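The values are calculated or read from the model by the stated rules, or taken from the named source; none is laboratory data. Keep in mind that this is a model prediction, so the values were computed, not measured. Here the Cβ positions follow ideal geometry from the backbone for every residue, glycine too, while neighbour counts run over all protein chains shown. Just so you know, the surface numbers come from the protein's heavy atoms only, side chains and all, with ligands and any DNA or RNA stripped out. Shrake-Rupley method; radii C 1.70, N 1.55, O 1.52, S 1.80 Å.
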Amino acid sequence: QIILPIERISADDLSLEEFVNVYASEGKPVIITGLQPFKNPLTMERLVQVCGSVPVELKRKIETDEWGGLGDVPKEYSEMTMSEFLRDIQQGGPARQYYLHDFSIPSHCPELMGEFPHHEFLMPKYFAGDLFQRIPFSTFQHSWPSLFVGAKGTESQLHVDNGGSHFWMYLESGEKEWYVFDRLDVHNLYIKADHSAFSVNVFDPDLDTFPLFVKSKMYKFTQKQGELVFIPAEFPHAVQNKDDIVGFSMNYVDKSNQYFLLRDLLKKDKFRAFEEAVNKDTPKGLLKNQQDLPFSQFKSMNPFETAFDL
């Protein structure tokens, strides 16, 4: 099996134009260093201080066709608060086997971004052209950034993210091991019919049952604290937490992957959203000189009054 290297590049050396042309449009994962989107880093202590009383929606590893191989936890753990969950992790309790996974910060604890208008979170310039913010009728418009908290050993199995979207994750603490595959390799990964899940377990592949797996090309790498990983649209990926981790993520669409979004909308019979997305009057461009945006500006930017040049 061919293991591909992943590039690491400092945000100081990476323009938006280069990111779009070299990585996002070409379908090439990359690690970006030197960013700090949250003014106050999301430590476990800060999560307890700001969101301690918030109920959390935990997931656990199960045999399922559901996204990431994750399902619901037993009832006695389904009503835990953030404080209870984090205390159990730190004390070695049974909740260490569960995962706070893709937990919407704007929906559940926007105070992590500071008091309104949430200037303590900066959207990195690379993702500020999100089309989900410009298209009405999108169920994804207010989902991100989302929070991930998991103990060492928690994981998500091989999957593809929804909506034809690109994905990025920033790691505040710990280390994560990634297994990432090109979208053209799905036939070697035994994708399940009508699902975004796969039959092969990339962490421990059964090559007798899944012999084509060795023909796939894989990016295998470790994400470290303070690094942001970018995963292109429709790239299958799986992740194992090598330490106790805190991170946050976002899915987004811009001009570099808009056609994946259009295909997804048609597959899901979302014709009204499709019509808005293909409307010639819907702005789809980017700004070459785009800067990082406070969250409120990211959400309220008027694309109809912006002179896009990329």
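For the stretch 194-225, a tally of residues being under 30 Å from SER10 (Cα atoms) and among the charged types (D, E, K, R) returns 3. Scanning the stretch 1-30 for residues that are without any contact (Cβ under 8 Å) to a residue 40 or more places away in the chain and basic (Lys, Arg) yields no hits at all.
Out of all the residues in the stretch 95-107, which are part of a helix (DSSP H, G or I), closer than 20 Å to LYS75 by Cα and open to solvent by 50 Å² or more (accessible area, probe 1.4 Å)? Step through it out loud before you land on a result.
Here is the first cut: in the stretch 95-107, the ones part of a helix (DSSP H, G or I) are 95-97, 105-107.
Restricting the remaining residues to those that are closer than 20 Å to LYS75 by Cα gives 95-97.
The answer is ARG96, GLN97.
Suppose we filter ALA273, ALA238 for residues that are at pLDDT 95 or above and more than 22 Å from GLN36 (Cβ to Cβ); which single one remains?
ALA238
Residues that are touching a Gly at 6+ places or on another chain (Cβ under 8 Å) and of a type in the set (Phe, Trp, Tyr) do not occur anywhere in the stretch 151-169.
Restrict the check to the stretch 187-201 and report whether at least one residue is in contact with a helix residue (DSSP H, G or I) (Cβ under 9 Å, 6 or more places away or on another chain), closer than 26 Å to SER25 by Cβ, open to solvent by 40 Å² or more (accessible area, probe 1.4 Å) and touching a residue at least 60 places away in the same chain (Cβ under 8 Å). No, the stretch 187-201 has no match at all. Screening GLU234 against (1) closer than 22 Å to LEU4 by Cβ; (2) part of a helix (DSSP H, G or I); (3) open to solvent by 30 Å² or more (accessible area, probe 1.4 Å) leaves a single unmet condition, (2). Taken together, ASN251, ASN302, ASN279, ASN289 contain a single residue that is farther than 19 Å from ASN188 by Cα and open to solvent by less than 40 Å² (accessible area, probe 1.4 Å), which is ASN251. If you check PRO136, PRO145, PRO110, PRO124 for being out of contact with any Cys (no Cβ under 7 Å at 6 or more places or on another chain), surrounded by fewer than 20 Cβ atoms within 10 Å (Cβ to Cβ) and either more than 30 Å from GLN90 (Cβ to Cβ) or touching a residue at least 40 places away in the same chain (Cβ under 8 Å) (or both), only one passes: PRO136.
Quick one: which of GLU63, GLU57 is within 18 Å of the chain's Cα centre (by Cα), over 23 Å from PRO124 (Cα atoms), without any contact (Cβ under 8 Å) to a residue 60 or more places away in the chain and open to solvent by 60 Å² or more (accessible area, probe 1.4 Å)?
Numbers: GLU63 fails: within 18 Å of the chain's Cα centre (by Cα).
The match here is GLU57.
When you check GLU120 against the structure, is it touching a helix residue (DSSP H, G or I) at 6+ places or on another chain (Cβ under 6 Å) and of a type in the set (Asp, Glu), yes or no? Yes: the conditions hold for GLU120. Out of all the residues in the stretch 205-226, which are surrounded by 20 or more Cβ atoms within 10 Å (Cβ to Cβ), of a type in the set (A, V, I, L, M, F, W, C) and assigned to a loop (DSSP other than H, G, I, E, B)? Answer for the stretch 205-226, where residues must be surrounded by 20 or more Cβ atoms within 10 Å (Cβ to Cβ), of a type in the set (A, V, I, L, M, F, W, C) and assigned to a loop (DSSP other than H, G, I, E, B): there is none. On inspection, LEU47 fails the criterion of being of a type in the set (A, V, I, L, M), closer than 29 Å to ASP292 by Cβ, touching a residue at least 40 places away in the same chain (Cβ under 8 Å) and touching a Gly at 6+ places or on another chain (Cβ under 9 Å). Applying the condition of being in contact (Cβ under 8 Å) with a residue 40 or more places away in the chain and surrounded by 16 or more Cβ atoms within 10 Å (Cβ to Cβ) to the stretch 67-94 and asking which residue is nearest to GLU45 (Cα to Cα) yields LEU86.
Of all the criteria given as (1) open to solvent by less than 10 Å² (accessible area, probe 1.4 Å); (2) at pLDDT below 95, the one not satisfied by VAL229 is (2).
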